[in-house]
Amino acid sequence: MAKRLRKTVKKLLKRAVNGHHSTHHAVEQFLYRQADLLDSKRWEDWIGLFADDGVYWMPPDPSYTTWDGTPAIFAEDKNLMRVRMGRVLHPDAWSQRPLWGTNHVVSNVIIEKEGPNGDVIARSRFHMMELRRDDVRHFAGSYMHQLKKTAEGYRIKLQRVDMTNAQAAYDYVLQIWV
Amino acid sequence: MLREPIADLSKCVEPDRVRREVYTDPQIFELEMQRIHERVWIYCGHESQIPKSGDYYTVQVGRQPMLMVRGSDGSISVLYNRCPHRGNMMVGDRYGNTGEFFRCSYHAWTFHHDGKLKNIPMYESGYSGTRFTRDNPDCSMKRAARVESYRGFVFCSLAHEGPGLLEFLGESKVAFDDMCDRAPRGEVEVVPNCFRVIQHSNWKIFLENQLDALHPSVTHQSTGRAAHEVEKQLAKKAKKGEAPLSYHMLSAFATVTIDKWDAFQTINYPNGHCILTGYMGLRPQDPDTLAYDKIMIQAYGEKRFKEIVGVNIHHVLIYPGLSVQSPLQQLRAVRPLSVDRTLTEIWHFRLKGAPEPIYRRSLAYYNLVNSPATLVNADDLENFWKCHQGLASEGGDWVTFGRHLGRDIEKDGHVETAPNCGTSEAPMRNQMKAWAEYMRG
């Protein structure tokens, strides 16, 4: 009995290390890098993580199942992302003039699905602190990433962001992606 | 009750300027709630927010927590969200369904949808011989003094006296006509989502900005430029040479340069209401528009159709609490929270019977301009906050509204801006005139 149990555990461990473990590590590194690009305001590189048809989506309610044709806090393809980037970089973006910065922590990464071609669906949790002028705000929630495996690494097909406070009133607004 | 310097409110408002305390004094704020918001007609919501019996939606009217509820007979009541027994809030959720009756979570008093007492646990043994008889109105939930709706838009007034809703709205009712008439079936329904954003500024600063035709090219230059750059790239790639309309809606902030805004017009009505004429255009030759036109002509006939789409409106401001963008089927309701905090509740409506692309066109505007991640309003809110901070200082006593003063044209009880004077501060003068009249009490 004990022998059989040991064997099963060994088998499971081997599978975890060889198969899932490398995916898990790669996805974690990707998510950390994405968060780091946001916090260091490298918007162009951040947009570059999306596939050409990639979408960044923040629904107003967790019950939503599609961004297409529904109210959305964010529902942006790369073109709209470039409008947002262009706005915050413009010298007359008044709301961006005061001191402003964020700090993301990403954790609880779960690989939901991995396809034979290496495409991945991953879920994770985030916590973000924002400083603007003298005001601190905290946001938290979950990410769902649909990642496409390419020669250059993962590219985002869809990033869904569910804010824990999605349905609460927003004290001021969100200016950049979370 | 008021401190000496502001006791005489009549000295706070002159035809072309207003004392700064009007925006920053907490006591004036309390008085405004009493004399304006808790007296005039305030927008509660749209009938389609509460389609089924027992559906309710809470709403703040002045300082009063109210709820709008659908009865089993289909009628709509607006009640104070308060149990008459010990004052407990009747519903704790922002919206929901109360079932066949309200039941207080404290001592289980129950009430019909119209607020009338239904039952009290062990009523006979507990209350016989007391003044708390079933027909005592103090044993029922208190109702708003008056409730009226126009084309599905529900308003309440917490005062028994005063003009009826239509008289109060006057010409500003065009906001609802323009929105509903654009639907082939003559009605709209709410898209079930409300974006709620809090501004750190006095409620009047937001309303004054709504019809301020000079600000867009200054405040929104960054968005306009950024959108225009991407729009140009997309147009180059597109077969017909046009980027999606949503890019044009944003780029207009930059392409309509500051000197061109005088070409628009505001029309100012009694009670502080006003209209800003349209400037964005909805692409009359676009295939989506043409398909929609066809359905509209079938529904209304050629002549009426032309009248409907010929209505030239960008914003309608219904003072003191509603900004309606009828051609794009959205509205912002203003809920003052305190002298320096204002909640806006932003809704989008679907034109019943209109094709999907028309819904999507206005949805794009709703998401891009009015969501909590707005590409546009972030800079407005920044200005509102800065405005409020400046007014709280002693760096000056007045806010001035002198632009194009004396050039406005008065006719038939309303004030129009003169040709090529669209940036006139007439809407602010008009709002403050109404404010002063209301505050006289």
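No value in this document is a laboratory result; all are computed from the given coordinates. Everything numeric here is computed off the predicted structure, so don't read it as measured data. Note: ideal-geometry Cβ built from the backbone for every residue, glycine included; neighbour counts use all protein chains shown.
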Assigned charges on the beta-carbon of Lys, Arg, Asp, Glu; the range B:233-272 dipole about Cα centre (debye): 400
Taking the Cα centre of each part, how many Å lie between the range A:63-91 and the range B:4-52? 36
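In Å, the Kirkwood hydrodynamic radius of the protein assembly as shown over pairs of distinct alpha carbons?
Working: mean 1/r = 0.0371 Å⁻¹.
Result for the protein assembly as shown stands at 27.0 Å.
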Taking the range B:93-144 and dividing mean pair separation by its residue count, relative contact order in percent (alpha carbons under 8 Å, at least six apart): 26
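From Cα pairs below 8 angstrom and at least 6 apart in sequence, can you work out the relative contact order of chain B, rounded to a whole percent?
Working: 831 pairs, mean separation 92.4, N = 441.
Averaging sequence separation for qualifying contacts and normalising by length gives 21 percent for chain B.
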Which loop trypsin sites (Lys or Arg not before Pro) in the range B:99-184, with loop taken from DSSP, have no more than 16 other Cβ atoms within 10 angstrom of their Cβ? B:Lys116, B:Arg131, B:Arg134, B:Lys142, B:Arg151
Computed, not fitted: 222 nm per-residue ellipticity of chain B from DSSP H runs ≥ 4 (each -39500 (n - 2.57)), nearest 500, equal to -9000 deg cm²/dmol
With angles folded into 0 to 90 degrees, how steeply does helix B:426-439 sit against the dominant principal axis of chain B? Use alpha carbons for both and round to 10. 20
Amide N of the range A:78-116 lying under 16 Å from the label point, which is placed 7 angstrom from the Cα of B:Lys386 along Cα→Cβ: A:88-100
Output for the range B:240-321: trypsin sites (Lys or Arg not before Pro) sitting in coil per DSSP, at most 14 other Cβ within 10 Å, listed by number, reads B:Lys240
Sorting B:Val190, B:Ala235, B:Leu245 by the position of each Cα along the dipole of the range B:160-263 (Lys, Arg +1; Asp, Glu -1; all at Cβ), the one nearest the positive end of that ordering is B:Ala235
How about the range B:181-244: which GluC sites (Glu not before Pro) there are in a DSSP loop, with at most 16 other Cβ atoms within 10 Å of their Cβ? B:Glu242
Expressed as an acute angle from 0 to 90° and rounded to the nearest 10, what is the orientation of the C-alpha long axis of helix A:2-15 relative to the principal long axis of chain A? 40
For the range A:129-137, Karplus couplings with θ = phi - 60° (6.51, -1.76, 1.60), whole Hz, Gly/Pro x: 10, 10, 10, 9, 6, 9, 9, 10, 10
For the range B:256-328 and the range A:30-60, what is the centre-to-centre distance using only Cα atoms, to the nearest Å? 38
Inter-chain shielding metric for B:359-372, i.e. average beta-carbon neighbours from other chains within 10 angstrom, reads 4
Take every residue in peptide A:163-174, count the Cβ atoms of other chains within 10 Å of its Cβ, and give the average of those counts. 6
Most packed first (mean Cβ within 10 Å per residue), the peptides B:56-67, A:111-122, B:73-84 order as B:56-67, B:73-84, A:111-122
Cα axis of helix A:78-89 to longest principal axis of chain A: angle in degrees, 0 to 90, nearest 10? 50
List the residues of the range B:209-236 whose backbone N lies under 18 Å from a point placed 7 Å from the Cα of A:Leu89 along the Cα-to-Cβ direction. B:221-234
Scanning the protein assembly as shown, every Cys lacking a C-beta partner under 4.7 angstrom -> B:Cys12, B:Cys44, B:Cys139, B:Cys156, B:Cys180, B:Cys194, B:Cys274, B:Cys387, B:Cys421
